[in-house]
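Here is the structure we will look at.
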Amino acid sequence: MSAEQRYPKSSKLLVVEPKLIRNRGHHHTQIAALKALFPDHQLHLIAGEGYDGFVGEAAATLSAAELAKAKLRWRFRHGSLRQKVDVFLRSVFRGNIAFYPSSPFGRTIEQVCERFEFNADDMVIVPSANLDALESIADLVSKLGEESPQIIMRFLDPTLGDPKGRRRVRRMNVLQEGIRTSSKIRLFSETYELADYMRNQFGLSVTSGFYLTCSVNPLEPTPKALDRYDTFRVGFLGASRPGKGYERAEAIIQELSSMLAGRCLGLPVEILLQGADEDYADGGVYAFAKNSPSKAENLRITCISNRLEPVDFEELFLSTDVIVLPYDISIYGLQGSGLVQDAVAAQKIIVHSKGISMQDFLSHGNACAVVSNREFSEAILEVAINQSKYKNGCITAKSYFRDLLINHPLLYSS
């Protein structure tokens, strides 16, 4: 089936993104990317509670209170005896459990589809799908049947939004047969590593390669920073969330500083740290930076807020020479990274933890895979000395990403 047959022009598209709240992170860039994939579709949004409207008016926003009630109802139906009794007692004070929503936001999606007269030719996309979304979509499809729109769900991480493994498996066991047999639901992931995991763990057919452009578009000519810099710029960028490994930055920088002692590279090395106020405060991952010289001879540290506007973040990103990703492979061994996408799109060299996912992006001679803090420092120094060694690899990696988007699996996979 061709893309035109599967997704007729002038159809309607509903994007459901609970994390779409404000102009931060990559959730807002997904909307623009989906618009570019389906330029002839009429777009509607369901956003998270507190959404501020920065990418357009939302058809609905999701309620945290309704989500909490749906989770209680699930426990009442599928939980242990103790959980069922606990939910029953709570419902005495909060209202009849029978009136709690049957899924976290299936009813909200259904109401929006009814209001805008969605039919089987239209489409619902959940770009950051988790178990809440799976339960909601299963609920929707069970109610609408053959009149249900086409459903596209993209998984991003193996926890599926539920950190408790046993509960995650129980929730999936309730859903997986209906998901597997539905002709309405198509499942995707970014990385092939996560797609393999979902097939092996849950028996679900998941197609990999569903990437959406982030801050830098690989379909356009490689942009350059607006300003010129007299330093070799090393980026530890993005939020310092658990799993990013940025608590290793201090040790990596100390190792690099010792290696640079008495050496002249032609340009000073400038470390770019991006974080929240608490990251720079006592006890934060970047607290060490407060006492570091910003204009030392060989090594400088610049502290940057994580509350940059998108255009300012893009300029910061483009100004770097190398992107450092000391990711925890227990988390990033399966899930993808927007920073990897942006680095490849911007033809930046990447120094990363050995064993992270997206190896199809990182195996073109554009990246260094390392393990220890000292190896990170050695790789940064090697890149500073011999940037030209990676030039062709960066060009090839961007070409690979570009071809992947041109032949997007959402449009062309069976």
Subject >> Qualifying position, being more than 26 Å from residue 313 (Cα to Cα) and in the same structural domain as residue 276 (by TED's automatic domain parsing), among 258, 240 >> reply: 258
Original post:
Does the range 61-68 contain at least one residue that is outside any loop (DSSP other than H, G, I, E, B) and at pLDDT 95 or above?
Top reply: yes
Subject >> Of the criteria (1) part of a helix (DSSP H, G or I); (2) at pLDDT 95 or above, which one residue 82 fails >> reply: (2)
**OP:** Look at the range 255-287 and say how many of its residues are touching a strand residue (DSSP E or B) at 6+ places or on another chain (Cβ under 9 Å), closer than 26 Å to residue 340 by Cβ and surrounded by 16 or more Cβ atoms within 10 Å (Cβ to Cβ).
**Re:** 13
Original post:
Say we look at the range 20-45 and pick out the residues that are of a type in the set (Val, Ile, Thr) and assigned to a helix (DSSP H, G or I); which of these is modelled with the highest pLDDT?
Top reply: 31
Original post:
If we scan the range 157-169, do we find a residue that is at pLDDT 90 or above and hydrophobic (A, V, I, L, M, F, W, C)?
Top reply: yes
Original post:
In the range 377-405, which residues are in contact with a Leu (Cβ under 8 Å, 6 or more places away or on another chain) and in contact (Cβ under 8 Å) with a residue 60 or more places away in the chain?
Top reply: 377, 380, 381, 384, 385, 402, 405
Subject >> Residue check for residue 189: touching a strand residue (DSSP E or B) at 6+ places or on another chain (Cβ under 9 Å) and within 26 Å of residue 39 (Cβ to Cβ) >> reply: yes
Subject >> Complete set of residues in the range 237-254 that are buried (at least 17 other Cβ atoms within 10 Å of the Cβ) and at pLDDT below 95 >> reply: 238, 240
Subject >> Flag if residue 341 is polar (S, T, N, Q), over 24 Å from residue 264 (Cα atoms) and not in a helix (DSSP H, G or I) >> reply: no
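The values are calculated or read from the model by the stated rules, or taken from the named source; none is laboratory data. Everything numeric here is computed off the predicted structure, so don't read it as measured data. Neighbour counts run over all protein chains shown; Cβ positions are idealised from the backbone, glycine included.
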